[in-house]
Each structure stands twice: as C-alpha cells, then as structure tokens.
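The values are calculated or read from the model by the stated rules, or taken from the named source; none is laboratory data. Since the model is a prediction, treat every value here as computed from it, not as a measurement. A quick note on method: Cβ atoms are made from the backbone with ideal geometry, for glycine too, and the neighbour counts reach across all protein chains shown. Accessible surface areas use protein heavy atoms only, side chains included; no ligands, DNA or RNA. Shrake-Rupley method; radii C 1.70, N 1.55, O 1.52, S 1.80 Å.
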Amino acid sequence: MTQKLQDVQAAAGAIFESTVPLSFGNDLQALPAAQSGVALYDRSDWGRIEVSDQERLAFLHNQSTNDFKRLQPGQGCETVFVTSTARTIDLATAYVTQEAVILLVSPSRRQQLLQWLDRYIFFGNQVKLTDISDRTCCFSLIGPASSSLLQTFGVPNLEAPAGSHSLVEIAGIPVRVAVGSGLPNPGYTLIAEATSAAQLWQHLFQAGAVPLGETTWEQLRIEQGRPKPDHELTEDYNPLEAGLWQTISFDKGCYIGQETIARLNTYQGVKQQLWGIKLAAAAEPGTPLTAEDKKVGVLTSVVQTNNGSVGLAYARTKAGGPGLKVAVGDTEGELVAVPFLTHSQG
C-alpha cells in the first residue's frame, strides 16, 4: 500500500492492522452497502502475478484446474492451484490480456505460488513470472449499485460473464475493470498502477462507495462461503471437497492433480464437503463436529453476526448435508447451503 492511499483511507476513518484497513468505523453501514448498494474493499494486499511470454496460456492450463486454452483477451476465470495429489494451494482469479495473464491470488499465498509456479518453468519454456503486487493496486466494488457508480465516470455497462474485463479510464486514470467482486454479490474488481491508488480510491469514495474493511469482508466471505487459505484451503482438502467444482474443467486433459480429481469425480469418492453452518453460540475454528457421538467434521471459520454465529465447516458426505444437526464442542449447529460453493458439475 502506498502512503498516500493509507493517508486518504485514514482520513475516511480507517483503522489499520499493519497496512490493511480492518474497519472504517462504519461496519453497520458497510455490510448493507455490499448487499444492496455499493461498498469499496481494498484488495491491494492480495497478490498480483503477471504470467507472460508465448506459452503463458498453455503453462497455466497445465498448472491449475480450469481451461485456459479456451480464453481470449478480455476474458477471465477462477482456477485452483493444487499439489500433485490435488490438495489445494489457492483459489485464484485470472484475467487474460493481449500480452499476459494477471493472477489475483490470496495475500498469504503470493510468495508460495510464485515459487511453486517457478518450479515448473523449465529450460526453453517461453513463460515469464513477474510479481506486480507492489506496483499495482486492487479494489473491489461490491453490491448491485456498482454498475451505476461506474457509469457516473462514463464507464460503459459491463454486464458480461464473470471474469470479463477491459481497460477504461476513471477520472483520467487507466483502470482494468473486471466483472466480479470476489463474492457472489454483484460487483467489479479494479486494477490500476499503485501511483494512482490514492486518487482512484478517493474518486470512488466521493462518488458514493462505502468503504468496507477486512472485518466486514471476513463476515461476507464466511456468510457466502468463499473458502480461504489456512482455513478451508489447506493440504487436508481437495477442490471438490472445498466446493469449488465451478473452477474445474473435467475434459481439458492432463494437469497437475488431474488424475486424483478425475478419479474422485468418476467414482464419487468425495468423502467430505464444505458447507455453511449456523451455530447456537460461538465456537473456535478447529472444533470437531459430532453426530451421534461420532466425529463427522470440523469447523474451519466462524464469525459473529447480528443474526448470531455462523461459520464454515467440513462434514463427511455420508453424514449428510444442509439440515444436518451436529454438536460443535459445547454448542450446536446446523449445516446450510451457501451461494459461493458448488458440489457437483453443471
């Protein structure tokens, strides 16, 4: 984050942990803005990796779960990077441009993914990796009024498939605007040069976007089911178990982890699945889920909301899905479906 950006956010009430705005002292306004208006979330601490040179699409096609060879400039997709045994490393969003592919990756996976991808570039491969995180900024507009806000800057309506993107100008600032907020909420993700970060954030804020800090983002991602590294995305789980079927191409051919994923799909071998969970009281992540005195899963994330405690949890497939009532330590819970997660093809 640039100091100028931090200064304008501080002036808007930001409370920071390191350089990340945890809250703007407006959580009661930011949450409904993301649901029915427009909220502004700073994702500049997320990693941005540029993959360039002639073999970039084939390389990413072979290193992650989605089908990159079908993508054209201006298109994008979500994809999962997995180990050779299909254990999850990260859920990433890819934007294909004329010259490169920009990967938006989780903050805690930036260095790991750079090193991981570099391991698979061999002598003669025409692939180049560049960490552009520090020289760019990234914001997400979240909520149904996001389109209207962008239109006040003369940005045309971008109602297109998720991941679609184009280079536009916002108040004279070149910005790549992509469809998708990172959550099921409608919205857009914006990437620009870091030197324009403070000016761009200020323009969006003054146009009516309600600043949203990390605390509210965490509530939204848990309520809606976006899995997070070190919580739901670890080497204990594969992307089928993590509810990320929508990021997987089952007919694109070989890639790292493909054999395991294909086998699990073909033989219906998914032994556990990620669901939302409503809790009667707060519980700590890592707390086992039990039913009839048998362990059937584990709580991975939890947050307190105005409607009580909610979380994300893995549960054994044979134990059941939404509607299953479980004990969670000293309290009780019920599994529920959440919009981000998918559990089958199509």
Task: Gaussian network model of the chain, Cα within-10 Å springs - most flexible of A58, A178, A33 - done: A58
TODO: Quickly estimate the mean residue ellipticity at 222 nm for the chain, helices only: each DSSP H run with n ≥ 4 gives -39500 (n - 2.57), and the total goes over all residues, rounded to 500.
DONE: -6000 deg cm²/dmol
Task: Amide N of the stretch 293-317 lying under 15 Å from the label point, which is placed 7 angstrom from the Cα of A281 along Cα→Cβ - done: 308-310
- [ ] Would you work out the charge dipole size for the stretch 89-145 about its Cα centre, treating the Cβ of every Lys and Arg as +1 and the Cβ of every Asp and Glu as -1, and quote it to the nearest 20 debye?
- [x] 60 debye
Open item on the list: Run the numbers for S148 and N306: contour at 0.36 nm per residue of separation, minus the present Cα-Cα distance, in nm.
Closed with: 54.0 nm
- [ ] Might you report the magnitude of the Cβ-based charge dipole of the stretch 1-140 about its Cα centre, with Lys and Arg at +1 and Asp and Glu at -1, to the nearest 20 debye?
- [x] 280 debye
Task: Probe 1.4 Å, accessible area per residue of the stretch 217-346, Å² - done: 48 Å²
- [ ] Using only the Cα atoms of the stretch 1-112, construct the convex hull and provide its projected area averaged over every direction, in square nanometres to one decimal.
- [x] 9.3 nm²
Open item on the list: Cut-off 18 Å, label point 7 angstrom out along Cα-to-Cβ of Q268: give me the residues of the stretch 303-326 whose amide nitrogen falls inside.
Closed with: 316-322
- [ ] Return the carbon/sulfur percentage of the accessible area of the stretch 17-168, one whole number, probe 1.4 Å, all protein chains in place.
- [x] 49 percent
TODO: Excluding residues on the same chain fewer than 8 positions from K325, give the lysines whose Cα lies under 28 Å from its Cα.
DONE: K228, K271, K278, K294, K295
Task: Positive-pole candidate from S106, I49, I89, dipole of the stretch 1-110, charges at beta carbon - done: I89
- [ ] Rank D293, D67, D118 by mean-square fluctuation in a GNM of the chain with C-alpha springs under 10 angstrom and give only the top-ranked residue.
- [x] D293
- [ ] Using Cα centres only, tell me the gap between the stretch 315-346 and the stretch 165-221 in whole Å.
- [x] 33 Å
TODO: Using a 10 angstrom cutoff on alpha carbons, build the Gaussian network for the chain and name the most mobile of A313, A197, A160.
DONE: A160
Open item on the list: Suppose each label sits 7 Å from its Cα in the direction of the beta carbon; what would the A11-S84 distance come out to in nanometres?
Closed with: 5.4 nm
Task: 24 Å Cα-Cα reach of K69 towards lysines, excluding residues that sit fewer than 8 places from it in its own chain - done: K128, K252
Task: Net dipole in debye of the chain [+1 Lys, Arg Cβ; -1 Asp, Glu Cβ; about Cα centre; nearest 20] - done: 620 debye
Task: Normalised contact order of the chain, rounded percent, pairs of Cα under 8 Å and 6 or more residues apart - done: 19 percent
Task: Approximate spin-label separation Q72-A58, in nm, with each point projected 7 Å along Cα-to-Cβ - done: 2.2 nm
Open item on the list: Run the simple label-point estimate for R119 and H343 please: 7 Å along Cα→C-beta, distance reported in nm.
Closed with: 3.2 nm
Task: Listed residue (L289, G257, N307) projecting farthest to the positive dipole end of the stretch 199-346, Cβ model - done: G257
Task: Gyration tensor (alpha-carbon) shape descriptor, the chain, a/c threshold 1.5 - done: oblate
Task: Apportionment of accessible area to carbon and sulfur, the stretch 183-327, percent (1.4 Å) - done: 48 percent
TODO: Compare the Cα positions of Q63, F139, G172 along the charge dipole of the chain (+1 at Cβ of Lys, Arg; -1 at Cβ of Asp, Glu; about the Cα centre) and return the one farthest towards the positive end.
DONE: Q63
Task: Length released on extending from S36 to E159, taking residue separation times 0.36 nm less the Cα-Cα span - done: 42.5 nm
